[in-house]
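The values are calculated or read from the model by the stated rules, or taken from the named source; none is laboratory data. Since we're looking at a predicted model, the values are computed, not measured. As a convention, Cβ positions derive from the backbone with ideal geometry for all residues, glycine included, and neighbour counts pool all protein chains shown.
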Amino acid sequence: MGYRYDKAGHLCCDRCGKSAGVRKRTCPYKVLGHSLDGPRRWLPYCPPLMLCGFCYTAMGQRLMHRECRAPAAVSQAEDDEIERQLDAGASLSVDAYGDWEPTVPKGMVGLKFVGRGGVSYRLMPEGDYPNQLVALSAVRTEPWTDHP
């Protein structure tokens, strides 16, 4: 999401477009992310709205983010499921490389898996790759020894 600025470089209100007294209005719903790419962190569910004082008062904080509660809960459940799988010993794919990568054979996909035990690299047939987060135990793979 990009924010709008006036000619003087001041933030513009997302609702009325004026640039006086505009501040970030952070989403009150937070999601504790997964640990596939580093430590878990709490983040606001949606990007902050830029609102002037008048529009903030007119909308009210609860009205601004009323649609965020349910999808934030879904997002939290998805991240908690990833953590549950990692705690159960699963390794999950975080990166995929096509055969454009010099070390991936034609017709194969190179996958990087992350788990509590560390990182591993595997190859699988391109036709079998589901193009989504996948558990190592759920797919047929072979070692990828010359990964990047």
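Here are the numbers:
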quantity: Conditions (1) over 25 Å from the mean Cα position of the chain (by Cα); (2) farther than 14 Å from T141 by Cβ: number failed by P125; calculated: (2)
quantity: Top-ranked residue of segment 100-122 - restricted to ones that are charged (D, E, K, R) and under 25 Å from the mean Cα position of the chain (by Cα), ranked as farthest from A88 (Cα to Cα); calculated: E101
quantity: Residue check, E67 at pLDDT below 95 and among the acidic types (D, E); calculated: yes
quantity: Strands (runs of 3 or more DSSP E) within segment 1-76 that include 2 or more residues touching a strand residue (DSSP E or B) at 6+ places or on another chain (Cβ under 7 Å) and buried (at least 17 other Cβ atoms within 10 Å of the Cβ); calculated: 49-51
quantity: Strands (runs of 3 or more DSSP E) completely within segment 78-148 that count 1 or more residues being at pLDDT 95 or above, buried (at least 17 other Cβ atoms within 10 Å of the Cβ) and basic (K, R); calculated: 108-115, 118-125
quantity: Selection status of Y3, aromatic (F, W, Y), outside the structural domain of F113 (by TED's automatic domain parsing) and either touching a residue at least 60 places away in the same chain (Cβ under 8 Å) or closer than 30 Å to V119 by Cβ (or both); calculated: no
